[in-house]
């Protein structure tokens, strides 16, 4: 069952299945060479992930909208700030090592591959989430990130944003290392607020293009 889930999820994320595309169980079963049962289970999990939704004629790839971007970031801005604040209060030495390693790897990531850039950036965020030692926050942020995978273009590919994001990370990490929860909170909030505005700009450019 997980193989069908993994394959269908990857194809939704890479755009093989466009927003609004119908996901008929029988057609998917034939495509992946399986029965309808694992397809049904995969669709259920993908619905929980926020990647598919129920339409008038069955399941379909979830559509995109600027309103959804605002909804996602309204929650994510708050949760990222909460995670950074908690990390400043609860981080262990191991957490700091893991965050520092992720940040160094991000800095060394070539800017020729947007997917690698996005993955390296996410690794830094995930290390900070883990340092919060709040499983609920980590779970919610993971789910929110799943929603954003349907918007494949990364804000990090915009001119100057990559270097800017690295600098913003460094400031957040420094606050976490100092145990300055209030500063870490505010920096993380501002970092994600800027990402929201850039994400909306990308969506607008894509929609108008």
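The values are calculated or read from the model by the stated rules, or taken from the named source; none is laboratory data. Just so it is clear, the structure is predicted and the values come from calculations on it, not from any experiment. Quick reminder, even Gly has a Cβ in these numbers, built from the backbone with ideal geometry, and neighbours come from all protein chains shown.
Among the residues of segment 122-139, just one is out of contact with any helix residue (DSSP H, G or I) (no Cβ under 6 Å at 6 or more places or on another chain) and touching a residue at least 40 places away in the same chain (Cβ under 8 Å), namely 125. A single entry from 48, 103 fulfils the requirement of being assigned to a helix (DSSP H, G or I) and out of contact with any helix residue (DSSP H, G or I) (no Cβ under 7 Å at 6 or more places or on another chain): 48.
A single entry from 178, 201, 196 fulfils the requirement of being surrounded by fewer than 17 Cβ atoms within 10 Å (Cβ to Cβ) and touching a residue at least 60 places away in the same chain (Cβ under 8 Å): 178. Confirm whether residue 51 is surrounded by 14 or more Cβ atoms within 10 Å (Cβ to Cβ), farther than 16 Å from residue 141 by Cβ and under 20 Å from the mean Cα position of the chain (by Cα). Taking the combined requirement at face value, the residue satisfies it.
Comparison of 70, 43, 96 shows that the only residue that is assigned to a helix (DSSP H, G or I) and outside the structural domain of residue 189 (by TED's automatic domain parsing) is 43.
Could you please let me know if residue 151 is touching a residue at least 12 places away in the same chain (Cβ under 8 Å), within 22 Å of residue 63 (Cβ to Cβ), surrounded by 15 or more Cβ atoms within 10 Å (Cβ to Cβ) and over 15 Å from the mean Cα position of the chain (by Cα)? In short, no.
Residues in segment 4-24 that are out of contact with any strand residue (DSSP E or B) (no Cβ under 8 Å at 6 or more places or on another chain) and either within 17 Å of residue 145 (Cα to Cα) or outside any loop (DSSP other than H, G, I, E, B) (or both): 4, 5, 6, 7, 8, 9, 10, 11, 13, 14, 15. So for segment 119-134 (the condition being assigned by TED's automatic domain parsing to the domain that holds residue 185, at pLDDT below 95 and within 24 Å of residue 86 (Cα to Cα)), does at least one residue qualify? Within segment 119-134, one or more residues are assigned by TED's automatic domain parsing to the domain that holds residue 185, at pLDDT below 95 and within 24 Å of residue 86 (Cα to Cα). Quick check on my filter: what residues within segment 26-58 are modelled with pLDDT of 95 or more and touching a strand residue (DSSP E or B) at 6+ places or on another chain (Cβ under 8 Å)? The one that is modelled with pLDDT of 95 or more and touching a strand residue (DSSP E or B) at 6+ places or on another chain (Cβ under 8 Å): 43.
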